[in-house]
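Chemist: Take a look at the following structure, please.
The values are calculated or read from the model by the stated rules, or taken from the named source; none is laboratory data. Because the structure is predicted, anything quoted here is derived from the model rather than measured. Here the Cβ is made from the backbone with ideal geometry for all residues, glycine too, and neighbour counts use every protein chain on show.
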Amino acid sequence: MSITKNIGTTDRAIRAVAGIALIGLAFTGTIGVWGWIGIVPLATAAMSWCPAYTLFGMKTCG
């Protein structure tokens, strides 16, 4: 299984901001432990690869 980039620049930025926001809210106790799910969009943004996109044949990069 090869990991080919399937997340574009805008998608990466949105995922990174959302992930950081969720983690920040969890860290401050605003939304509880569920905010740590922000690790997922942050990780996918860092790798430029989303397993769900691969599963559904989607791609947001050129």
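Chemist: Filter the stretch 5-33 down to residues that are modelled with pLDDT of 95 or more and either touching a strand residue (DSSP E or B) at 6+ places or on another chain (Cβ under 8 Å) or of a type in the set (D, E, K, R) (or both) and give me whichever is farthest from residue 45 (Cα to Cα).
Modeler: If we take residues in the stretch 5-33 being modelled with pLDDT of 95 or more and either touching a strand residue (DSSP E or B) at 6+ places or on another chain (Cβ under 8 Å) or of a type in the set (D, E, K, R) (or both), then 11 is farthest from residue 45 (Cα to Cα).
Chemist: May I ask you to list pairs of residues, at least six apart or on different chains, whose Cβ atoms are under 6 Å apart, with the first in the stretch 1-20 being under 13 Å from residue 61 (Cβ atoms) and the second being in a helix (DSSP H, G or I)?
Modeler: 6/53; 12/45; 15/41; 15/44; 15/45
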